[in-house]
Amino acid sequence: MQNKENIIKSYELAKEQYGKIGVDTDEILKRLDEIMISVHCWQGDDVQGFENPEGALTGGIQATGNYPGKARSADELRQDLEMVFKLVPGKHKVNLHAIYGEFGGEKTGRDEIKPEHFRNWVEWAKKMNLGLDFNPTLFSHPLAEEATLSHPDKKIRDYWIKHCKASRKIGEYFGKELGIPCVTNIWIPDGYKDIPVDRYMPRKRLKESLDEIMKEKINPEYNLDAVESKVFGLGLESYTVGSHEFYMGYAVENKTLLCLDAGHFHPTEVISDKIPSVLLFLDQILLHVSRPVKWDSDHVVILDDELRAIANQIIRYDFDKRVHIGIDFFDASINRIAAWAIGVRNTRKALMLALLEPVEKLKETELSGDFTSRLALLEEYKMYPAGAVWDYYCSVKNIPAGEAWLEIVKEYERNELSKRS
């Protein structure tokens, strides 16, 4: 681990080298620090929530592994998140699912959730200077076993419509209380394991349900609505009602945000190329940074080529004010605090690497038709001393630089997580 003096020396050398290609590292660090990343709460307890903590996950999702130390209460979950924020620099939000309300031991239907069930989260967010995002929970419920917003039974559809309406009001409450717009994102697990006959009517019912949910207009200063697609889920391998094409059309027509999840597409399909296309037709989008592995999604985010490509597409066009960035993965096979820290740090590292590009110079090279120089420069810049800039950024924010954060996590595991059963 470098000491602070060495970190500063290394940064000054890096600053000089980047300065020669027209990049002001001091300025890019200021910009980097303002980009908000929404940290999902469900990594901390394997997507169990507090509605029925012993309930098994259903609805096309699964958390695997049994690493000790998962959060058993909202207080423990908030404590764990506070530890994460000591390990990651920059501004943040926390992303909540509806099952993370605090219901005081009372059985509360999801169609009955209210802002008061999330009051403790709001007060905590104020103390921590965080924003909050929200998601209705349309899985792991008896009425979600077959379908939700696309169900042929109107009574079941109406139950989930009421749940989503209540969720939007909670998002509005978050935005009003915290002064930061809440993104309320709808994802449903509706679909079929094998080949369906009727692909049209479930989507028609879904559209009608969404229209009813969105009927009440909410000030976008408080709440922003988003819709999220998925190519498949466990038990939904052949057909999902909420496809990319469906939600793309819905978002464009109804001016909602479109959620692009990096783990929700075919293994050979990437979302980095979708970002500059959809933002020609939408004012804003929601990005879920995740990692697909073969036919699975939601692995811990690593600093791979696709993450860097996603960040490049956001930064090269100054889309950081139009793209709401959140992370979305759940891994119960490793230390959950470490998983969070790895994912958030890598997401911000990717944004920093994109900011360190001399974008205008590269664009000029491309427009001139000098594709030889374009390729050569892109490759040479990969070896510039970005690590020294990152370590400096962490250091000035009193965040552990390099791998020093890992020992802090290990100590927290020994002192806190190991005591949880």
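List of remarks:
- In the range 144-168, the residues that are surrounded by fewer than 21 Cβ atoms within 10 Å (Cβ to Cβ) and modelled with pLDDT under 95: Glu145, Glu146
- Within the range 145-168, tally of residues that are assigned to a helix (DSSP H, G or I) and either touching a strand residue (DSSP E or B) at 6+ places or on another chain (Cβ under 9 Å) or over 14 Å from Ile218 (Cα atoms) (or both): 13
- Search result, residues across the range 262-289 that are among the β-branched types (Val, Ile, Thr) and over 13 Å from the mean Cα position of the chain (by Cα): Thr268, Val270, Ile271, Ile275, Val278
- Once the range 258-280 is narrowed to residues that are touching a residue at least 12 places away in the same chain (Cβ under 8 Å) and of a type in the set (A, V, I, L, M), the residue that is farthest from Thr240 (Cα to Cα) is Leu279.
- Which listed residue is assigned by TED's automatic domain parsing to the domain that holds Glu228 and surrounded by fewer than 22 Cβ atoms within 10 Å (Cβ to Cβ), from Ala339, Ala332: Ala332
- Residue check for Val293: in contact with a strand residue (DSSP E or B) (Cβ under 7 Å, 6 or more places away or on another chain) and farther than 23 Å from Glu172 by Cα: no
- The helices (runs of 4 or more DSSP H) falling completely within the range 328-387 that include 3 or more residues that are in contact (Cβ under 8 Å) with a residue 60 or more places away in the chain and not aromatic (Phe, Trp, Tyr) map to 336-355.
- Selection count, the range 18-34, where residues are in a helix (DSSP H, G or I) and either in contact with a Gly (Cβ under 9 Å, 6 or more places away or on another chain) or among the acidic types (Asp, Glu) (or both): 6
- Of all residues in the range 380-403, those being surrounded by fewer than 13 Cβ atoms within 10 Å (Cβ to Cβ) and over 20 Å from Asp24 (Cα atoms) number 2.
- Some residue of the range 310-325 being in contact with an Asp or Glu (Cβ under 8 Å, 6 or more places away or on another chain), outside any helix (DSSP H, G or I) and closer than 30 Å to Glu413 by Cα: no
- Residues of the range 89-128 that are in contact (Cβ under 8 Å) with a residue 40 or more places away in the chain and of a type in the set (Lys, Arg): Lys91, Lys93, Arg110, Lys114, Lys126.
- A single member of Thr137, Thr108, Thr184 is at pLDDT below 95 and among the polar types (S, T, N, Q), and it is Thr108.
- Residue in the range 334-341 that is under 15 Å from the mean Cα position of the chain (by Cα) and of a type in the set (Phe, Trp, Tyr) present: yes
- Matching entry among Arg308, Arg205, Arg291 (being touching a helix residue (DSSP H, G or I) at 6+ places or on another chain (Cβ under 9 Å), closer than 23 Å to Ala166 by Cβ and not aliphatic (A, V, I, L, M)): Arg205
- Taken together, the residues in the range 1-29 that are under 28 Å from Pro181 (Cβ atoms) and exposed (fewer than 12 other Cβ atoms within 10 Å of the Cβ) amount to 1.
The values are calculated or read from the model by the stated rules, or taken from the named source; none is laboratory data. All of these numbers come straight from a predicted model, not from anything done at the bench. So basically every Cβ, Gly included, is an ideal-geometry build from the backbone, and we count neighbours across all protein chains shown.
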